[in-house]
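Notes for the one structure printed next.
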Amino acid sequence: ATIGFACASGVLELNPFLPLVAVCLLEGIDILARAAGVFREHCVEGITANEDRCRAHVDGAIATVTALVGRIGYQAAERILREAREAGRGVRAVAIDGGHLTAAEFDALVSPEAVCRLGSRPAGAPDGGVQRRAPDGGAR
């Protein structure tokens, strides 16, 4: 609030309150830096991920279906999503039980490496060894 008031009170480019702005800005940066250190010390250090729970969240997440679109096509992904929502099941279970993907294919498509490289790739670029299927479900 002080910085905003001091800036608004200046005239043209000659702001007599510029020293006040600088002091308040540096104070704010110092407070933020100390708060980040306290947060790290009391909240972040020692945290470990529960890998099984994280995997369960990925397997059951509706957003996971977006990673499958390039492999199985939009219509099949939409069917998987609809069935997962209606049945209250995870995307992984529906995709595998429906015969759209094997467990290994699903895991390869939703791996962190695969998700980070989502998007269009130049023709001939390697796709991580995952065979793509045509929209009708057949192999390409």
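Overview of values
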quantity	calculated
Sequence of Val23, Val38 once ranked by neighbouring C-beta atoms within 10 Å, starting from the fewest	Val38, Val23
Where GluC sites (Glu not before Pro) fall in DSSP loop in segment 16-120, at most 13 other Cβ within 10 Å	Glu45
Glu41 versus Glu27: modelled label distance in nm, points set 7 Å from Cα along the beta carbon direction	2.3
Distribution of pairwise C-alpha distances over segment 51-116, 10 Å bins, in %	24, 62, 15, 0
In nm, spacing of pseudo-spin labels at Ala1 and Thr66 (7 Å Cα→C-beta vector)	3.9
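Any read-out appearing in this document is the output of simple, stated calculations on the displayed coordinates, not a laboratory observation. Just so it is clear, the model here is predicted, and its values are computed rather than measured. Positions of Cβ are generated from backbone atoms using ideal geometry, with glycine treated the same way; all protein chains shown enter the neighbour counts.
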